[in-house]
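Written below as structure tokens is the structure these notes are about.
The values are calculated or read from the model by the stated rules, or taken from the named source; none is laboratory data. The model shown is predicted, which means the values in this text are computed figures rather than measured ones. Here the Cβ is made from the backbone with ideal geometry for all residues, glycine too, and neighbour counts use every protein chain on show. Areas reflect the complete protein model, heavy atoms only, side chains present, ligands, DNA and RNA absent. Shrake-Rupley method; radii C 1.70, N 1.55, O 1.52, S 1.80 Å.
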Amino acid sequence: MKVGMVSLGCSKNLMDSEKIMGMLKKGGHQIVVDPKEADAIFVNTCGFIAPAKEEAINTVLEMSEYKQGNCKKLYMLGCMAQRYKAELEESLPEVDRVISIDEYDHIEEYLNEDLPDGSIPNWNDAERLVSTAKHTAYLKIAEGCGNFCSFCAIPLIRGRFISKTMEEILKEAKMLEERGSKELVLIAQDTTRYGIDLYRKYALADLLKELDKMNFKWIRILYMYPEAITHELVDTIAESKHVIPYFDIPLQSGNDRILKLMNRRNTSEEALEIINYIREKIPHAIFRTTFIAGFPTERKAEFNDTIRFAAKVRFDRLGAFPYSKEEGTKGAELKPEVAKKVRQARYDRLMQQQMVISSEKSAELIGKTLEVVVEGKEALSNKYKGRSIYNAPDDIDGYVYFRSNDNLTVGSFVNVKINKAYTYDLEGEQVD
Ligand code: SF4
């Protein structure tokens, strides 16, 4: 049968989509891109915050339109399905099966029943069908999270933190290396916690030492937790050949009372200490973070601490979210809530300040030559589009646009001299 997959949400969810596509393909089904052609459509949803849930429902309803054509089966998977299975089964008759994450270990039983002309293997017997461009690939090193930040529903959805064994990860890394991936992006809900459950210690540094022996050009780590970033980890990154000094550390707040209410295990001073240690060891380190604006009970002066903290650190990239109340989380019980428009106003203030900082930091790169991986060519401008170590592949950090006299292939690495800078994007010329 022809099957289609729509993958919503984060890169961790994408990896589940890739695994299910791998199972379907190994089971003899054909993966199609155009939903019009599909006999069965899978929507892998995100259920993290309100906007994501809305997108999930809208996407499922949009895909259900194809049931007037070839599509016979519509499946809803992922975090939204995990969180609201019963409600979704009741409210969405268009969906043939709502399959929650904790059913993935026997999902083939349903699919082989529904999609008869194939024999889909079990989750553990199939390799993922990697869907990212050949030169870059995500590698999930652990599932779930036990940090229970009081604003976050992920522990309720994905369960407790479970590390993959070093052997499993290195085997999957080998598959990606052989596939030709040059950039390896390590992901988990909290990558810095890797190994604590299996090896009774933070083992990310050990894992990096093994991966650093392989033939990847860039090894990038996302979703680091400040309190679990050890000096050993920073030193390992500083001494490595391929691990890029890109520190993606969601910090959430710059005020200690709010950090405590968020159930975060660090103070703003401790976060600053590790950032300073990183900068001491790796002066050109790149920092990305995320803050929440308008967490319940947050006073204006306390949010000013976050604004001041962000101004002091001068992050290369900073994202923010107006607080979104998530039922079942501790944060949802906290009173008084901050008014919606105040949350938005605080978010706007922080992002306005950050746009200035990001523009200044981008401008500091003018005249510099950066190694860039080619992602494609812009039809209109005839410029190439690429990413440097400053730009993660999750479409948040901006791109490098550049001219070249050569006919470059996607996935090749070139040197680009930067001659123009915008808030997040850079422009330049290819140099040898
Ligand atoms: S670290 Fe906190 S915010 Fe991140 S997934 Fe875990 S509970 Fe959620």
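Provide a single number: the residues in the stretch 50-77 that are open to solvent by 40 Å² or more (accessible area, probe 1.4 Å), in a helix (DSSP H, G or I) and under 28 Å from R158 (Cβ atoms).
In the first step, residues of the stretch 50-77 are kept if they are open to solvent by 40 Å² or more (accessible area, probe 1.4 Å); the result is 50-51, 54-55, 57-58, 61-62, 65-70, 72-73.
Those still in the list that are in a helix (DSSP H, G or I) too: 50-51, 54-55, 57-58, 61-62, 65-68.
Filter again for under 28 Å from R158 (Cβ atoms), leaving 50-51, 54-55, 57-58, 61-62.
The qualifying residues number 8.
Exactly one condition in (1) in a helix (DSSP H, G or I); (2) open to solvent by less than 20 Å² (accessible area, probe 1.4 Å) is not met by G47; state its number.
(1)
Considering each residue of the stretch 314-346, count those that are in contact with an Asp or Glu (Cβ under 8 Å, 6 or more places away or on another chain), at pLDDT 95 or above and under 20 Å from Y84 (Cβ atoms), and give that number.
Qualifying residue count, the stretch 314-346: 1.
Of everything in the stretch 186-201, what is charged (D, E, K, R) and open to solvent by less than 10 Å² (accessible area, probe 1.4 Å)? Give them in sequence order.
D190
Name the residue that is nearest to P250 (Cα to Cα), counting only residues in the stretch 111-152 that are touching a Lys or Arg at 6+ places or on another chain (Cβ under 6 Å) and more than 16 Å from the ligand (Cβ to nearest atom).
Of everything passing the filter in the stretch 111-152, H135 is nearest to P250 (Cα to Cα).
Are any residues in the stretch 208-228 surrounded by fewer than 23 Cβ atoms within 10 Å (Cβ to Cβ), over 17 Å from P393 (Cα atoms) and within 16 Å of the ligand (Cβ to nearest atom), and if so, which ones?
Y225, E227, A228
So in the stretch 384-432, with the set limited to residues that are touching a residue at least 60 places away in the same chain (Cβ under 8 Å) and among the β-branched types (V, I, T), which one is farthest from Y138 (Cα to Cα)?
Per the stated criteria, the residue is V431.
The conditions are (1) within 16 Å of the ligand (Cβ to nearest atom); (2) within 20 Å of the chain's Cα centre (by Cα); (3) buried (at least 18 other Cβ atoms within 10 Å of the Cβ), and M262 fails exactly one of them. Which is it?
Of (1) within 16 Å of the ligand (Cβ to nearest atom); (2) within 20 Å of the chain's Cα centre (by Cα); (3) buried (at least 18 other Cβ atoms within 10 Å of the Cβ), only one is false for M262: (2).
Among the residues of the stretch 106-144 satisfying the criterion of being of a type in the set (S, T, Y) and part of a strand (DSSP E or B), which is nearest to the chain's Cα centre (by Cα)? Walk me through how you get there before you give the answer.
Taking the stretch 106-144 as the starting set, the residues that turn out to be of a type in the set (S, T, Y) are 110, 119, 131-132, 136, 138.
So of that shortlist, the ones also part of a strand (DSSP E or B) come out as 136, 138.
Numbers: T136: 13, Y138: 9 Å.
Once the filter is applied, the top-ranked residue is Y138.
Only one of (1) within 30 Å of F413 (Cβ to Cβ); (2) touching a Gly at 6+ places or on another chain (Cβ under 9 Å) is not met by E143, so which one is it?
Just one mismatch for E143, condition (1).
Residue-wise test of (1) among the polar types (S, T, N, Q); (2) crowded, with 21+ Cβ neighbours inside 10 Å.
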residue	(1), (2)
D102	no, no
N112	yes, no
I120	no, yes
N124	yes, no
S131	yes, no
H135	no, yes
A142	no, yes
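Which of the residues spanning the stretch 153-190 are within 11 Å of the ligand (Cβ to nearest atom) and part of a helix (DSSP H, G or I)?
I154, P155, L156, I157, R158
So which residues in the stretch 206-251 are touching an Asp or Glu at 6+ places or on another chain (Cβ under 8 Å) and among the hydroxyl-bearing types (S, T, Y), if there are any at all?
Scanning the stretch 206-251 gives Y223, Y225, S240.
Among the residues of the stretch 395-412, count how many are crowded, with 16+ Cβ neighbours inside 10 Å and closer than 17 Å to K134 by Cβ.
Selection size over the stretch 395-412: 2.
Being open to solvent by 10 Å² or more (accessible area, probe 1.4 Å), at pLDDT 95 or above and among the aromatic types (F, W, Y) is true for just one of Y246, Y277. Which residue is that?
Result: Y277 is the single residue among Y246, Y277 that is open to solvent by 10 Å² or more (accessible area, probe 1.4 Å), at pLDDT 95 or above and among the aromatic types (F, W, Y).
With the condition kept exactly as written, say whether any residue in the stretch 87-95 is crowded, with 19+ Cβ neighbours inside 10 Å, within 16 Å of the ligand (Cβ to nearest atom) and either modelled with pLDDT of 95 or more or outside the structural domain of V43 (by TED's automatic domain parsing) (or both).
No, the stretch 87-95 contains no residue that is crowded, with 19+ Cβ neighbours inside 10 Å, within 16 Å of the ligand (Cβ to nearest atom) and either modelled with pLDDT of 95 or more or outside the structural domain of V43 (by TED's automatic domain parsing) (or both).
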